[in-house]
Amino acid sequence: MTKAAQIVEALGGTVKVANALDLTPSTVSSWKGSGKIPRWWMRDINALAQKTGVDLDNLPRPTKPASAAA
């Protein structure tokens, strides 16, 4: 799981993050797929984390897909 995917899941999932940021779920899903959240959204992501009590600094380290581990 990528760091972006971990952040989205910690904040309640694709639909909840999309609704909170007034985005489409496909936009948030693309962040998970690419493994990157655009830096211009990070202020809003951090505000959402603070509002929901999620500590983004203490998420587990991202895991590599099995195919990348070899």
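The values are calculated or read from the model by the stated rules, or taken from the named source; none is laboratory data. Just so we're clear, the structure is a prediction, and the values are computed from it rather than from any experiment. Virtual Cβ from ideal backbone geometry, glycine too; neighbours counted across all protein chains shown. The accessibility values were calculated without ligands, DNA or RNA, using every heavy atom of the protein model including side chains. Shrake-Rupley method; radii C 1.70, N 1.55, O 1.52, S 1.80 Å.
Among the residues of region 15-33, just one is closer than 10 Å to residue 5 by Cα and out of contact with any helix residue (DSSP H, G or I) (no Cβ under 9 Å at 6 or more places or on another chain), namely 30.
Among the residues of this structure, residue 2 counts as one that is open to solvent by less than 60 Å² (accessible area, probe 1.4 Å) and either touching a residue at least 24 places away in the same chain (Cβ under 8 Å) or among the acidic types (Asp, Glu) (or both). Taken over region 1-51, the residue count meeting the criterion of being farther than 24 Å from residue 63 by Cα and of a type in the set (Val, Ile, Thr) is 1.
Each residue in region 13-53 was checked for being at positive phi and open to solvent by less than 40 Å² (accessible area, probe 1.4 Å), and 2 of them qualify.
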